[in-house]
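A.B. asks: Structure incoming, see below.
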Amino acid sequence: MSDPLLAARFRLDGVIATVDAAHGSLQLDRQPESVKQAAVADRIVLTKTDVATPAATVALMQRLAAINPAAPVIPAAHGEVDPAKLFDAGLYNPETKSPDVARWLREEAYRDEQAKAHGHHDHGHHDHDHDHDHEHGDHCGPDCGHDHHHHDANRHDDHIRAFCMVIDRPVPWNGFVDFMEALIAQAGENLLRVKGLLNVQESELPVVVHGVQHMFHPPVRLEDWPTDDHRTKLVFITRDVGQPVIEPLFNGLVWGEGKEAG
């Protein structure tokens, strides 16, 4: 992506991580790098499902879904997996005539995980029973400060935050750029992934943004909105930087607000 010669001829289709169904849980416990790899993947191949017990496989799949809600987990047995599932893996391709933005973004998966973290099971209500204005997004995330469940400070998973922000009104592009620059500077390597579909004030057409750690793809303007929902949707996977930090930064730099709306 950073080499001009290669970038002119090839595009990154996506990142696939393999996780050992028999030993993956132990590795996630011991190696923080393994959690990071699972968090930034576009797809996860769960290997050795023929060796692991069904209960261990299910528990590991649930754990991976919490780390990276949008990444499909593909079971593989005896080293076999459908090759078709390993391509078109997740990097948004602007050359596709009929892009499936909803499948690429999968923002509903993040809200489902947020709901689970707070004990809400009705996925049809993304306000999590909060009585406030959603103009600045959904405020409640896995680390919103409510003591819903115990976090083990030594468990690497608990340092990962996966959440979605939904913004009702069009966003000024320069304000969004200021926000992203500040977020990159503030979060550094703890900003694992950002992707989103933006309704910007300067355009009637939506804009796609996508970044993995410090590497961001050029923004792409779509030919049309994929659905009737024209709200901005931003999904984040971060480490030790949660929504209570990122959302006020967004509100301050985009809307000029001194504190989080609520």
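A.B. asks: For residue 178, work out the one condition from (1) part of a strand (DSSP E or B); (2) open to solvent by 10 Å² or more (accessible area, probe 1.4 Å) it doesn't fulfil.
C.D. replies: Tallying (1) part of a strand (DSSP E or B); (2) open to solvent by 10 Å² or more (accessible area, probe 1.4 Å), residue 178 fails exactly one: (1).
A.B. asks: Here's a follow-up. Only residues in segment 60-79 that are within 14 Å of residue 37 (Cβ to Cβ) count as the first member; pair them with residues that are at pLDDT 90 or above and small (Gly, Ala, Ser), Cβ under 6 angstrom, at least 6 apart or cross-chain, and list the lot.
C.D. replies: Within 6 Å, the pairs are 64/38; 67/38; 67/39; 68/38; 68/39; 71/41.
A.B. asks: Quick test for you: out of 73, 45, pick the one residue that is surrounded by 16 or more Cβ atoms within 10 Å (Cβ to Cβ), out of contact with any helix residue (DSSP H, G or I) (no Cβ under 6 Å at 6 or more places or on another chain), at pLDDT 65 or above and not basic (Lys, Arg).
C.D. replies: 45
A.B. asks: Could you check segment 5-19 and list, in sequence order, the residues that are among the charged types (D, E, K, R) and either under 21 Å from the mean Cα position of the chain (by Cα) or surrounded by 16 or more Cβ atoms within 10 Å (Cβ to Cβ) (or both)?
C.D. replies: If we filter segment 5-19 for residues that are among the charged types (D, E, K, R), which is where we start, we get 9, 11, 13.
Hits for segment 5-19 are 11, 13.
A.B. asks: Then there is this: Name, by its number, the condition in (1) within 30 Å of residue 26 (Cα to Cα); (2) open to solvent by 40 Å² or more (accessible area, probe 1.4 Å); (3) of a type outside the set (Val, Ile, Thr); (4) at pLDDT 90 or above that does not hold for residue 213.
C.D. replies: Going through (1) within 30 Å of residue 26 (Cα to Cα); (2) open to solvent by 40 Å² or more (accessible area, probe 1.4 Å); (3) of a type outside the set (Val, Ile, Thr); (4) at pLDDT 90 or above one by one, residue 213 breaks only (4).
A.B. asks: Counting just the residues of segment 20-30 that are in contact with a strand residue (DSSP E or B) (Cβ under 8 Å, 6 or more places away or on another chain) and open to solvent by 20 Å² or more (accessible area, probe 1.4 Å), which one comes out farthest from residue 106 (Cα to Cα)?
C.D. replies: For segment 20-30, the residue satisfying everything is 27.
A.B. asks: Suppose we filter segment 198-224 for residues that are under 16 Å from residue 254 (Cβ atoms) and assigned to a strand (DSSP E or B); how many remain?
C.D. replies: Going through segment 198-224 one residue at a time, the tally reaches 4.
A.B. asks: Within segment 23-42, can you find the residues that are small (Gly, Ala, Ser) and touching a helix residue (DSSP H, G or I) at 6+ places or on another chain (Cβ under 7 Å)?
C.D. replies: Hits for segment 23-42 are 24, 25, 34, 38, 39.
A.B. asks: Moving to a separate point now. Residues in segment 48-70 that are buried (at least 19 other Cβ atoms within 10 Å of the Cβ), under 15 Å from the mean Cα position of the chain (by Cα) and small (Gly, Ala, Ser): how many?
C.D. replies: The qualifying residues number 2.
A.B. asks: In addition: I'm checking my understanding of the structure. Among residues of segment 31-42 that are within 19 Å of the chain's Cα centre (by Cα) and surrounded by fewer than 21 Cβ atoms within 10 Å (Cβ to Cβ), which one is nearest to residue 157 (Cα to Cα)? Before the answer, list the steps.
C.D. replies: Here is the first cut: in segment 31-42, the residues within 19 Å of the chain's Cα centre (by Cα) are 32-42.
Keeping just the survivors that are surrounded by fewer than 21 Cβ atoms within 10 Å (Cβ to Cβ) gives 32-34, 37, 40.
Details: 32: 8, 33: 11, 34: 10, 37: 12, 40: 13 Å.
Out of the qualifying residues, it is 32.
The values are calculated or read from the model by the stated rules, or taken from the named source; none is laboratory data. Computed from a prediction, not measured in an experiment: that's the story for all the values here. Ideal geometry is used to build each Cβ from the backbone, glycine not excepted, and the neighbour counts take in all protein chains shown. When the accessible area is computed, the model is the full protein with side chains, heavy atoms only, and any ligands, DNA or RNA have been set aside. Shrake-Rupley method; radii C 1.70, N 1.55, O 1.52, S 1.80 Å.
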